[in-house]
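The values are calculated or read from the model by the stated rules, or taken from the named source; none is laboratory data. Computed from a predicted model, the values in this text were never measured in an experiment. A quick note on method: Cβ atoms are made from the backbone with ideal geometry, for glycine too, and the neighbour counts reach across all protein chains shown. Side chains are part of the model used for accessible areas, which takes the heavy atoms of the whole protein and leaves out ligands, DNA and RNA. Shrake-Rupley method; radii C 1.70, N 1.55, O 1.52, S 1.80 Å.
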Amino acid sequence: MKNFKKDNVIYYFSPDNLPKYFIEDGEEFWVETEDCYSGQIKTINDLRPNINISIMDASVGPIAINGAEVGDSLCVQILDIEVVSQGVMVTSPGLGILGSMINEATTRIIKIDNGYANFFDKFKIPINPMIGVLGVATEKDKIHCATPGTHGGNMDTKEIKVDSKVYLPVFVKGANLAIGDLHAVMGDGELSGTGVEIAGKVHLKVNVIKNMKLNRPRIEREEGIYMISSAEDFEEAIKNAVYDGVEYLKNEFNLDFKDAYRLVSAACDIRISQVVNPLVTIKLFVPNWIKNTII
Ligand code: CA
Ligand code: ZN
């Protein structure tokens with residue numbers, strides 16, 4: 001099985017990036033990634049204000065998928081995520097939702113042992129590894145890997161984890177997938193501005209879905225589908241995710257727009273992915289139990 005090392009990274013998702021790795025449709029492979037700081041923070045003496053933030057969220061790739069064409073979608077199946085034995089969480093003035101209350105940068109190294117993250121020698125938090133940055137080449141803009149969008153990117157959505165299928169729209173031939181920014185664990189919101197940032201490797205299987213035109217990324221899990229939407233404000237982000245949910249229910253259950261809109265309102269939930277990146281990301285959860293209620 002191919003194992004892509006972290007020697008080719010991108011800092012921007014762009015239609016102009018040339019692929020560095022190549023796979024076939026349906027191929028399984030591993031990708032190794034640095035943490036979101038490109039490994040610049042290793043001890044408590046490494047503070048966020050002193051690192052080079054332009055190389056943050058560097059993502060390994062681009063990976064071209066043979067047969068992916070404009071107007072298709074990629075199905076990225078996450079088979080496994082392995083994280084290394086130490087992660088990091090920083091605070092820094094301005095960082096996160098309460099950043100204005102932080103007047104000093106500090107770094108905590110978070111040791112990972114046997115499936116648990118050791119918080120300050122006080123809490124043993126079970127890890128729940130996830131991928132922060134997963135994206136494809138954009139349609140036309142050059143978008144930094146720290147920003148999310150219709151191409152995926154820094155979605156920081158905790159359901160991007162093992163046993164999920166992430167669907168992304170294809171904007172260039174080969175799609176040019178890239179991956180980075182693993183978290184050992186993170187809550188909805190990524191409130192202090194970071195998850196437990198960590199290096200590691202992911203085992204993926206990618207399939208090309210012909211002529212499946214997506215407006216935005218979505219995640220399929222056993223419990224349901226998450227419609228992912230990123231925008232400058234919550235209202236815009238929610239509007240787009242709800243639209244995707246209504247369209248999905250309309251097509252899946254042969255409903256008109258108004259009934260699908262009613263069904264979304266009765267059975268689906270808006271949840272927050274992250275509030276700390278250049279755009280906010282939200283998710284509309286469309287539960288699979290709806291299918292079991294059909295009379
Ligand atoms: Ca991130
Ligand atoms: Zn991160």
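For residues that are surrounded by 17 or more Cβ atoms within 10 Å (Cβ to Cβ) and more than 12 Å from Asn176 (Cα to Cα), scanning just segment 13-31, find the one that is farthest from ligand 2 (Cβ to nearest atom).
By that ranking, first place goes to Phe29.
Are any residues in segment 125-144 open to solvent by less than 40 Å² (accessible area, probe 1.4 Å) and among the polar types (S, T, N, Q), and if so, which ones?
Listed by number, the list holds a single entry, Thr138.
Kindly establish whether Ile272 is open to solvent by less than 90 Å² (accessible area, probe 1.4 Å) and under 20 Å from Ser192 (Cβ atoms).
So Ile272 fits the description; yes.
For segment 253-266, check the following and say yes or no: at least one residue is within 16 Å of the chain's Cα centre (by Cα) and open to solvent by less than 10 Å² (accessible area, probe 1.4 Å).
No, because not a single residue in segment 253-266 is within 16 Å of the chain's Cα centre (by Cα) and open to solvent by less than 10 Å² (accessible area, probe 1.4 Å).
Kindly indicate the residue of segment 145-162 that is within 11 Å of the chain's Cα centre (by Cα) and of a type in the set (Ser, Thr, Tyr) and also least open to solvent (accessible area, probe 1.4 Å) among those meeting that condition.
So, considering only residues that are within 11 Å of the chain's Cα centre (by Cα) and of a type in the set (Ser, Thr, Tyr), the one least open to solvent (accessible area, probe 1.4 Å) is Thr157.
Would you be able to say whether some residue in segment 41-57 is assigned to a strand (DSSP E or B) and either away from ligand 1 (no atom under 15 Å from the Cβ) or acidic (Asp, Glu) (or both)?
No, the conditions are met nowhere in segment 41-57.
If you scan segment 175-195, which residues turn out to be more than 9 Å from ligand 2 (Cβ to nearest atom) and among the β-branched types (Val, Ile, Thr)?
Ile179, Val185
Could you check segment 219-229 and list, in sequence order, the residues that are in a strand (DSSP E or B) and farther than 10 Å from Lys283 by Cβ?
Glu220, Arg221, Gly224
Can you confirm whether Tyr248 is among the aromatic types (Phe, Trp, Tyr) and open to solvent by less than 40 Å² (accessible area, probe 1.4 Å)?
Taking the combined requirement at face value, the residue satisfies it.
May I ask you to verify whether Glu82 is of a type in the set (Asp, Glu), under 30 Å from Val206 (Cα atoms), open to solvent by 20 Å² or more (accessible area, probe 1.4 Å) and assigned to a strand (DSSP E or B)?
For Glu82, the condition - of a type in the set (Asp, Glu), under 30 Å from Val206 (Cα atoms), open to solvent by 20 Å² or more (accessible area, probe 1.4 Å) and assigned to a strand (DSSP E or B) - is met.
If I filter segment 178-223 down to residues being touching a Cys at 6+ places or on another chain (Cβ under 6 Å) and not hydrophobic (A, V, I, L, M, F, W, C), which single residue comes out as most open to solvent (accessible area, probe 1.4 Å)?
Asn207
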